[in-house]
Amino acid sequence: MLSALNLECLRGERRLFRGIGFTLAAGELLFLEGQNGAGKTTLLRMLCGLTPPNAGEIRWQGEEIRHLDDDFHARLCYLGHQNAIKEDLTPLENICASAHLADEPLSEDDALNALEQVGLMGREDLTCRYLSQGQKRRVALARLVHERRALWILDEPFVALDTQAVTWLSGVIGAHLRRGGLTVMTTHQAVAIPAAPTRHLRLGA
Amino acid sequence: MLRVILHIIARDLRLAWRRPADVCSVVFFFILVASLFPLGVGPETEVLRRLAPGVIWVGALLATMLSLPRMFAEDFHDGALEQLALAPCPLGLVALGKTLAHWLVSGLPLALIAPLLGLQFDLPPEALATLAFSVFIGTPALSGIGAIGAALTLGLRGGGVLLSLLVLPLYIPVLIFGAGAVDASISGMSFTAHFFLLAALTVGGLAIAPWAAAAALKIALE
């Protein structure tokens, strides 16, 4: 489904990586590994189509993603370093706004349900400014609950989460893979995603 | 497609509502700039009437400038812009939504307040109406052109100054026709030609500028 061929990334004079390639089939998980600065985030952004690779190509179901553009975006859920939530809005408003932008409008009940799953029940009307780092991360993660996208690209999804939430998120990713979804993720934590064929790709090795 | 634009406008308006200081600072800046002139120049109504169109329009340009750096910066810093770029709709429409939202919170208040400021310059009633209407149809062009500048200077150090250097020259046509319409109205001539040209700038600005801004945003996100 998702394949990368001979990807190369240059940052100024420095070559971050070259010759990176993989294929990922439905239901598979790819762990990106590497030291800080090895180019993991850059590679993830390339896979989303945010950063064009200096060489090589990325294909989704056999077609290059830059030709697919919006059709590819409609299958993709990207969770970046930043939470992409608005501090002046409440968790509920944030979830509804992002659902509207994703063109998958959400009823208030569904939004509350998503908030309950990420463990923010009772905080839905509190401005996000007053939430802790981990709670903000949970608001961002609520997208994984209500958006039904085939490809998840997650950049350090476990950062700032407590152990309970880490277990919960591993379960959610596992369930997504069992449904036939694909996941590419980076993490520095040792987490076990239940029942998933896992591949590893090491950058800067 | 249209729904996405509406949702972006709704989101940005809600954010502006939560932080009224941003809108107020633009409006008060406009009021102050336009009020300094009558105080500095003196009470000769003839001179003030001559000055009014230019001064008020320059005030409107500068007030719009003041709010431009914020247009994309917050979305850029909290990661929301990445998500907007990955939304299943063209980034140009997203930029159009943000441009319209920017106009609603910075251009429209200026148009509403402009006739009040005109009173300080002893403008006749007809000229006041012309002034309000010219600011009303001219400011969307300012938001559109400004969006390109805001997108181009996104993430740059000292982007604010660069932004004014980039954008103010492009505002000149709007200034000429906007102030020209009020001038014509004061001297009792027809101002419809000015209005048509202003409207053309606005339509052109809103049709083309968001796509240019979107291209600049993509570069900023790389």
query: Relative to the isolated chain, which residues of region A:95-112 have their accessible area cut by 40 Å² or more in the presence of all protein chains (1.4 Å probe, heavy atoms, no ligands or nucleic acids)?
result: A:His100, A:Leu101, A:Asp103
task: For a quick protection proxy, order the peptides B:104-116, A:32-44 by their average other-Cβ count within 10 Å, most packed first.
output: B:104-116, A:32-44
task: May I ask you to rank B:Ile31, A:Ile153 by accessible area, largest first, using a 1.4 Å probe over the protein chains only?
output: B:Ile31, A:Ile153
The protein assembly as shown: C-alpha pair distances exceeding 29 Å, %: 52 percent
message: Once neighbouring chains are kept in place and the probe is 1.4 Å, which whole percent of the accessible area of chain A is contributed by carbon and sulfur?
response: 46 percent
task: Please give the total accessible area that chains B and A bury against each other, computed with a 1.4 Å probe and expressed in Å² to the nearest 100.
output: 2400 Å²
message: I need the calculated FRET efficiency for the pair B:Ile176 and B:Ala21, taking r as the beta carbon distance and R₀ as 35 Å, to the nearest 0.05.
response: 0.60
- line: Rounded to the nearest 5, the percent of antiparallel DSSP beta bridges in chain A equals 45 percent
task: Starting from the Cα-Cα distance between A:Asn113 and A:Phe31, subtract it from 0.36 nm times their residue separation and give me the gain in nm to one decimal.
output: 26.6 nm
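Estimate the FRET efficiency between B:Met189 and A:Asp103 by the formula 1/(1 + (r/R0)^6), using the beta-carbon distance for r and 30 Å for R0, to the nearest 0.05.
The calculated FRET efficiency here is 0.05.
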message: Per residue, how much accessible surface does the protein assembly as shown expose to a 1.4 Å probe? Answer in Å², no decimals.
response: 44 Å²
field: Cα pair distances exceeding 19 angstrom across region B:2-78, given as percent
entry: 52 percent
- prompt: Which stretch or stretches of region B:76-108 have amide N atoms under 20 Å from the point lying 7 Å from B:Ile208's Cα along the Cα→Cβ direction?
  reply: B:91-100
- request: Summarise the partner chain shielding of B:75-82 as one whole number: the mean count of Cβ atoms from other chains within 10 Å of each residue's Cβ.
  value: 5
- prompt: Among the residues of region B:183-222, which ones have their accessible area go down by 50 Å² or more when all the protein chains sit together, as opposed to their chain alone (1.4 Å probe)?
  reply: B:Glu222
query: In debye, nearest 20: dipole of chain A around its Cα centre with unit charges on the Cβ of K, R (+) and D, E (-)?
result: 880 debye
field: Spin-label proximity, B:Asp122 to region B:42-61 - amide N less than 16 Å from point 7 Å beyond Cα toward beta carbon
entry: B:42-53
- line: Using a 1.4 Å probe on heavy atoms of the protein chains only, the accessible area for A:Leu177 in Å², nearest 10, reads 10 Å²
field: Efficiency of FRET between B:Leu51 and B:Leu112 - r from beta-carbon atoms, R0 22 angstrom, step 0.05
entry: 0.55
- prompt: From the Cα gyration tensor of chain B, with a ≥ b ≥ c the square roots of its eigenvalues, which class applies: rounded if a/c is under 1.5, or else prolate if a/b is larger than b/c, or else oblate?
  reply: prolate
- prompt: In whole percent, how big is the carbon plus sulfur part of the accessible area of chain B, probe 1.4 Å, protein atoms only?
  reply: 76 percent
query: With Cβ to Cβ distances under 13 Å as the rule, what net charge do the other residues near B:Leu13 carry (K, R +1; D, E -1)?
result: +2
task: Report, in degrees rounded to the nearest 10, the 0 to 90 angle that the Cα long axis of helix B:192-221 makes with the longest principal axis of chain B.
output: 30 degrees
- prompt: Averaged across the residues of A:44-56, what count of C-beta atoms belonging to other chains lies within 10 Å of each residue's C-beta?
  reply: 2
field: Packing rank of B:142-149, B:20-27, B:83-90, B:168-175, where each peptide gets the mean count of other beta carbons within 10 Å, highest leading
entry: B:142-149, B:83-90, B:168-175, B:20-27
query: Rounded, prolate or oblate: which one fits chain A, using the alpha carbon gyration tensor with axes a ≥ b ≥ c (rounded when a/c is under 1.5, else prolate when a/b beats b/c, else oblate)?
result: prolate
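Rounded to the nearest 20 Debye, what is the dipole magnitude of region B:80-222 about its Cα centre when Lys and Arg each give +1 and Asp and Glu each give -1 at the C-beta? Spell out each step's value before the answer.
On the way: 3 positive and 5 negative charges, 67 e Å.
Here region B:80-222 has a charge dipole of around 320 debye.
How crowded by other chains is A:87-94, given as the mean number of beta carbons from other chains within 10 Å of each beta carbon?
Going residue by residue through A:87-94 and averaging, the value is 3.
The values are calculated or read from the model by the stated rules, or taken from the named source; none is laboratory data. Just so it is clear, the structure is predicted and the values come from calculations on it, not from any experiment. All Cβ positions, even for glycine, are placed from backbone atoms using ideal geometry, and neighbour counts span all protein chains on display. Please note that ligands, DNA and RNA were not included when accessible areas were found on the heavy atoms of the full protein model with its side chains. Shrake-Rupley method; radii C 1.70, N 1.55, O 1.52, S 1.80 Å.
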